[in-house]
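The values are calculated or read from the model by the stated rules, or taken from the named source; none is laboratory data. Everything numeric here is computed off the predicted structure, so don't read it as measured data. When we count neighbours, we look across all protein chains shown, and the Cβ atoms used for this are built from the backbone with ideal geometry, even at glycine. With ligands, DNA and RNA removed, areas are computed over all heavy atoms of the protein, side chains included. Shrake-Rupley method; radii C 1.70, N 1.55, O 1.52, S 1.80 Å.
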Amino acid sequence: MNDAHAPEIWLLCGSQHLYGAEPLEQVADHAGRVATALDQAEQVPLPVRFRGVVTTPDEVHRACLEANADPACAGLLVWMHTFSPARMWIRGLTTLAKPLCHLHTQYHRELPWDALDMDYMNLHQAAHGDREAGFLHTRMRLGRAVVAGHWSDPDVHRRLSSWMRAAHAWHDLQGARIARFGDTMRGVAVTEGDKLAAQLRLGVAVDGYGVGDLVARVRAVPEGEVDELVAAYEDAYAVAAPLRHDGERHDALRDEARLELGLRAFLGEGGFNGFTTTFEDLHGLERLPGLAVQRLMADGYGFAAEGDWKTAALVRALKVMGRGQPGGTSFMEDYTYHLAPDGPLVLGAHMLEVCPSIARHTPSLEIHPLGIGAKADPVRLVFDTKAGAAINASLIDLGNRFRLVVNEVRTVEHPALPALPVARAVWVCEPDFATAVEAWIHAGGAHHTAFSFDVTTAELEAFAEIAGVELVVIDRHTDLRGLRQTLRLGEVYYGLKDGLRGG
Ligand code: MN
């Protein structure tokens with residue numbers, strides 16, 4: 001992945017001076033141990049650093065300013081080991097610009113029933129200290145996560161992990177850049193949107209480039225690099241006969257390698273986190289990039305086709321959320337249906353650009369005609385997808401706000417598809433086909449999605465909270481009437497919450 005270092009999460013522990021020096025030392029010792037345990041926990045994906053006990057408004061304010069200013073800090077965990085009168089937090093939390101998670105825990109797991117005295121009670125006061133904090137967070141309308149339970153509990157680690165993965169994706173998006181080669185596909189509605197609102201709301205900048213700028217970079221690729229990359233393709237994939245060294249289409253493979261190297265150089269030099277292409281604007285390129293896009297996605301770049309910059313940014317965010325996980329994340333499109341009475345299925349694919357991170361076997365490297373775009377035949381990886389639980393997520397622009405629509409799905413084994421020359425996934429939707437698809441269409445979800453085996457609804461829920469973006473979840477609990485009412489309420493809630501600001 002092209003982010004050099006994972007950021008950190010900071011733990012701040014709240015208290016006050018009422019208790020005297022000795023209890024405060026104990027509080028600091030306990031909080032340090034909690035941070036170390038979280039830092040070392042297998043399921044916790046980011047480093048956790050203890051940043052001290054805060055007991056005054058100035059200390060809280062300073063800690064929040066430090067969190068804001070340090071590019072290594074992706075988010076703040078707060079915990080009130082003892083009572084910490086919450087008005088001391090107002091000035092600091094008003095300035096806090098990093099994601100916030102309220103960890104509601106207690107140092108000791110079990111009550112010392114025989115020895116329990118008032119000293120113990122006064123030292124282990126999270127039960128009411130954290131309620132005082134929670135009231136203020138609610139009073140301030142702070143978007144935050146709340147995770148309750150003992151800090152050694154794997155379920156607490158799992159839930160903290162979801163928030164941290166979301167915070168990491170948020171951290172990555174702040175200042176991120178998406179390069180667009182060409183505009184959105186002509187006439188299409190759902191791939192449109194307000195790029196300025198996206199930068200205000202999500203922190204990601206979307207910048208357009210003439211495809212000629214890319215063509216110049218592709219033409220500058222040395223032939224020696226092309227030789228090396230073609231050799232790497234031959235090692236990594238099952239190369240179809242026409243594309244091999246002695247095959248009649250080998251030049252197309254070399255051309256694709258040149259395309260990958262040019263794209264990689266362009267994106268690397270510009271510090272981009274993702275990109276879009278469109279088959280309608282390939283002036284100066286021989287063919288629509290296929291394999292090149294698939295390999296760049298596998299390396300962590302966000303991507304979507306037809307100029308769909310919202311989905312490109314979302315694919316990038318899910319790539320970061322799923323970092324280190326084995327399942328894979330890809331650009332995807334709901335393509336065609338199997339509507340048989342034995343159970344409807346969705347076949348997802350794209351013209352070319354599905355990420356091999358979700359492949360269940362070594363991909364086959366093939367060349368076939370595209371049928372649109374009137375260009376040379378593109379080179380692409382063809383594969384079936386792993387079987388298992390996954391999600392589809394779509395980010396749409398409703399004019400006054402963004403909405404993130406999520407459907408939990410399960411990919412399944414399916415009959416062979418010998419005539420289909422693209423990578424594909426076949427899935428069933430939760431709670432059932434009709435409810436899921438009707439809900440998706442009522443919610444306005446796109447045909448383009450970010451598809452992931454690694455990211456779950458929990459991470460996307462945390463991400464939506466951090467971003468202040470509306471979230472619509474379609475899962476096994478979804479009831480269509482309730483969902484439609486939630487959509488109506490969302491129109492009111494977000495209209496009031498964001499007012500004229502939009503985005
Ligand atoms: Mn498409």
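Is it true that Glu280 is under 30 Å from Ala434 (Cα atoms) and out of contact with any strand residue (DSSP E or B) (no Cβ under 7 Å at 6 or more places or on another chain)? So Glu280 does not fit the description; no. Taking the criterion of being in contact with a helix residue (DSSP H, G or I) (Cβ under 8 Å, 6 or more places away or on another chain), in a loop (DSSP other than H, G, I, E, B) and not aromatic (Phe, Trp, Tyr), would at least one residue in region 271-278 satisfy it? Looking for residues that are in contact with a helix residue (DSSP H, G or I) (Cβ under 8 Å, 6 or more places away or on another chain), in a loop (DSSP other than H, G, I, E, B) and not aromatic (Phe, Trp, Tyr), one finds at least one in region 271-278, hence yes. Of the residues making up region 199-223, those that are under 18 Å from the mean Cα position of the chain (by Cα) and in a loop (DSSP other than H, G, I, E, B) are Gly203, Val204. Yes or no: region 81-96 includes at least one residue that is crowded, with 16+ Cβ neighbours inside 10 Å, modelled with pLDDT of 95 or more, outside any loop (DSSP other than H, G, I, E, B) and among the β-branched types (Val, Ile, Thr). Checking region 81-96: not a single residue is crowded, with 16+ Cβ neighbours inside 10 Å, modelled with pLDDT of 95 or more, outside any loop (DSSP other than H, G, I, E, B) and among the β-branched types (Val, Ile, Thr). Flag: Asp342 matches the condition of being of a type in the set (Asp, Glu) and either at pLDDT below 95 or surrounded by fewer than 15 Cβ atoms within 10 Å (Cβ to Cβ) (or both). Does region 147-156 contain at least one residue that is in contact with a strand residue (DSSP E or B) (Cβ under 6 Å, 6 or more places away or on another chain) and open to solvent by 10 Å² or more (accessible area, probe 1.4 Å)? Checking region 147-156: at least one residue is in contact with a strand residue (DSSP E or B) (Cβ under 6 Å, 6 or more places away or on another chain) and open to solvent by 10 Å² or more (accessible area, probe 1.4 Å).
Residues in region 159-198 that are more than 26 Å from Trp10 (Cα to Cα) and part of a helix (DSSP H, G or I): Lys195, Leu196, Ala197, Ala198. Every condition in (1) surrounded by fewer than 17 Cβ atoms within 10 Å (Cβ to Cβ); (2) in contact with a helix residue (DSSP H, G or I) (Cβ under 6 Å, 6 or more places away or on another chain) holds for Pro326 except the one numbered (2). Give me the residue from region 295-304 that is under 12 Å from Thr276 (Cα atoms) and more than 14 Å from the ligand (Cβ to nearest atom) and, out of that set, surrounded by the most Cβ atoms within 10 Å (Cβ to Cβ). Out of the qualifying residues, it is Gly302. Here region 276-286 is the region considered, the condition is being touching a Lys or Arg at 6+ places or on another chain (Cβ under 7 Å) and within 16 Å of the ligand (Cβ to nearest atom), and the residue that is most open to solvent (accessible area, probe 1.4 Å) is Glu280. Within region 146-155, can one find any residue that is of a type outside the set (A, V, I, L, M, F, W, C), in a helix (DSSP H, G or I) and modelled with pLDDT of 95 or more? The answer is yes; a qualifying residue exists. A count restricted to region 97-110 and to residues that are open to solvent by less than 30 Å² (accessible area, probe 1.4 Å) and within 26 Å of the chain's Cα centre (by Cα) stands at 5.
When region 21-80 is filtered for residues that are open to solvent by 50 Å² or more (accessible area, probe 1.4 Å) and farther than 18 Å from Ile9 by Cβ, the ones remaining, listed by number, are Ala21, Glu22, Glu25, Gln26, Asp29, Pro57, Asp58, Glu59, Arg62. Considering only residues in region 225-251 that are part of a helix (DSSP H, G or I), under 25 Å from Arg360 (Cβ atoms) and not hydrophobic (A, V, I, L, M, F, W, C), the one that is farthest from the chain's Cα centre (by Cα) turns out to be Pro242. Of the residues making up region 115-137, one or more are farther than 30 Å from Glu269 by Cα, assigned to a loop (DSSP other than H, G, I, E, B) and in contact (Cβ under 8 Å) with a residue 40 or more places away in the chain.
Out of all the residues in region 168-178, is one or more within 16 Å of the ligand (Cβ to nearest atom), under 31 Å from the mean Cα position of the chain (by Cα), within 30 Å of Gly271 (Cα to Cα) and surrounded by 13 or more Cβ atoms within 10 Å (Cβ to Cβ)? No: zero hits. Here Pro289 fulfils each of the conditions (1) in a loop (DSSP other than H, G, I, E, B); (2) within 16 Å of the ligand (Cβ to nearest atom); (3) in contact with a Lys or Arg (Cβ under 9 Å, 6 or more places away or on another chain) apart from (3). Can you find a residue that is in contact with a Pro (Cβ under 9 Å, 6 or more places away or on another chain) and farther than 17 Å from Ala462 by Cβ anywhere in region 138-159? No, region 138-159 contains no residue that is in contact with a Pro (Cβ under 9 Å, 6 or more places away or on another chain) and farther than 17 Å from Ala462 by Cβ.
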